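Below is one structure; the comments refer to it alone.
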Amino acid sequence: MSFLEDRSKTDWQSLDSEHYLHPFTDHKDLGNKSRIIAKADGVYVYDIDGNQILDGMSGLWCVNIGYGRSELSEAAATQLNELPYYNSFFQCANPPSIELANKLDKITQKQFNRVFYTGSGSESIDTMIRIVRRYWEVLGHPNKKTIIARKNAYHGSTIAGVSLGGMNAMHKQGGPLLPGIEHVDQPYWFESDRSHSPDDFGKKVASQLEEKILEIGVDNIAAFVGEPIQGAGGVIIPPDSYWPEIQRICNHYGILMVTDEVICGFGRLGEWFGADHFQIKPDLMTFAKGVTSGYLPLGGVMVSEKVSSAIIDKGGEFAHGFTYSGHPASCAVAIENIRILDEENLVLRTKNEIGPYLQNKWKSLEDHPIVGETRMVGLMGAMELVPQKDNPQRFDDKSTAGMTFRNFAVNNGLVMRAVGDTIVTAPPLVISEEEVDEMVEKAWMCLDHTQSEMTN
Ligand code: PXG
């Protein structure tokens, strides 16, 4: 059964406009002209008019193995027919959720021995906060509640996710926010005054964590949390010196280190997880998105032996869980997704082949007069739009250039996201060299268009 034949495009659009409250959308701008995406295959999505659009964002940073993989839809259908749902409370489990836990143990660093399942990245963040705080409670440190995160981080949209994230626009709405959260600066070298080398800058920003720990008092600090590379904030790739310094500080003060792998996990950076790329050893990792390549909702928290054994041995029942924790169909899809990532060498290919191929082409965009910087790790990158190349100044009206680029791109068959005047990309890991060429050629055309719009 397909819904496509049911109504005309304009009918879909007017129904959408009457009944649908969209995420992160200004409905006055949207009116009744939402883009109805009807189909997808490989790295392409197709709107209801049949326009082919290269998805340089993997949906929302999630469709890592690309669209149209029938192995995943078949895994879901088989599981839905056999056992569509059962809970994992009250001493129950189901085969796919156990099998997936076993697989996750194999692809994560050796300190991780258990997973707590959720339905999304935001729920994973909430869960992680509860686990971290519970850990210190059972160890007899009930004051260790404060979690330190970064400004301009994105950790989801639940009240805990918004609070932990560092997005000003989100903080302004729907408060009060969760107490016990502190923010330090992000390692965004391009936005700095660039008076330091990237490595000195990385260390300097990391040292704010130490200052914050001393300010709040180590007896009150539970954990530090960060995306290995900030995604929604604009693909902020920290200087090489940053994460080792963060690790050193966490170890020195004995606080837990958490990487939010919702975007970086499952091959995006050419390793299974962002922590592997930066060679750091977190105590917990939150994940979602790429675990199922977005085919069904699933998230989770990887918990190290140190943390899980404390909670299990000293804590009794952990009073936390979701109806869909360990959903059998989502877990079956995740198992198949991980099998494909593994057997088709998609992680290694990202590291050694298609990643370097795109990185090289992406770098060539720096030859364009309005590009101030490009950066990319694995298949996750950004470029900074500026009025004058060698001048760190931004366009006066920050985000007009980004929006001009983005709108022109989507109308010309390319999806990329604009974060202010930073254009970000994260294509499916299955993208071919020809598709990379198409993506970069289109991006150049969008830069030309943006330049002429901004100078007229
Ligand atoms: N952590 C990180 C690092 C994320 O990127 C979440 C948590 C929350 O996941 P859920 O599944 O609850 O959405 C995310 C989600 C964007 C965009 O426009 C990014 C996300 C979600 C929606 C939009 O860049 N990241």
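Data overview
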read-out: Three-way shape call for the chain based on the alpha-carbon gyration tensor, with the a/c threshold at 1.5; value: oblate
read-out: Chymotrypsin sites (Phe, Trp or Tyr not before Pro), loop per DSSP, at most 10 other Cβ atoms within 10 Å - longest free stretch of the chain; value: 91-456
read-out: Per DSSP, loop trypsin sites (Lys or Arg not before Pro) in segment 141-202 with at most 10 further Cβ within 10 Å; value: 172
read-out: Gyration tensor verdict on segment 113-316 (Cα atoms; rounded if a/c is under 1.5, prolate if a/b is larger than b/c, oblate otherwise); value: rounded
read-out: Solvent-accessible area, 1.4 Å probe, carbon plus sulfur percent, for segment 330-456; value: 44
read-out: Sparsely packed GluC sites (Glu not before Pro) within segment 333-365, loop by DSSP, other Cβ within 10 Å at most 10; value: none
read-out: Antiparallel %, DSSP beta bridges [both residues in the chain], to 5; value: 65
read-out: Listed residues 28, 306 arranged by accessible area, highest first, probe 1.4 Å; value: 28, 306
read-out: Neighbour cut-off at most 10 other Cβ (10 Å), DSSP loop, GluC sites (Glu not before Pro), segment 1-82; value: 5
read-out: Cβ charges +1 (Lys, Arg) and -1 (Asp, Glu), total dipole of the chain, debye; value: 1160
read-out: Per-residue [θ]222 nm for the chain (sum of -39500 (n - 2.57) over DSSP H runs n ≥ 4, rounded to 500); value: -12500 deg cm²/dmol
read-out: Summed residue charge, Cβ within 11 Å of residue 274's Cβ, Lys/Arg positive, Asp/Glu negative; value: -4
read-out: Average accessible surface area per residue within the chain, 1.4 Å rolling probe, Å²; value: 45
read-out: 13 Å beta-carbon shell around residue 410, net charge (K/R +1, D/E -1); value: +2
read-out: Pairs from 106/212; 212/389; 103/442; 33/351; 39/172; 151/281 whose Cα-Cα separation, in the structure shown, is over 30 Å; value: 106/212; 212/389; 103/442; 33/351; 39/172
read-out: For segment 121-216: rounded, prolate or oblate by the Cα gyration tensor [a/c cutoff 1.5]; value: oblate
read-out: Potential extension, residue 196-residue 173 segment - 0.36 nm per residue separation minus Cα distance; value: 4.8 nm
read-out: Two-decimal Rg/Rh across segment 301-456, once Rg and the Kirkwood Rh are taken from alpha-carbon atoms; value: 1.15
read-out: Simple Cβ-charge dipole of segment 152-240, Lys/Arg +1 and Asp/Glu -1, about Cα centre, in debye nearest 20; value: 320
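The values are calculated or read from the model by the stated rules, or taken from the named source; none is laboratory data. Model, not experiment: these values are computed from the prediction. Every residue, glycine among them, receives a Cβ derived from its backbone with ideal geometry; neighbour counts consider all protein chains shown. Side chains are part of the model used for accessible areas, which takes the heavy atoms of the whole protein and leaves out ligands, DNA and RNA. Shrake-Rupley method; radii C 1.70, N 1.55, O 1.52, S 1.80 Å.
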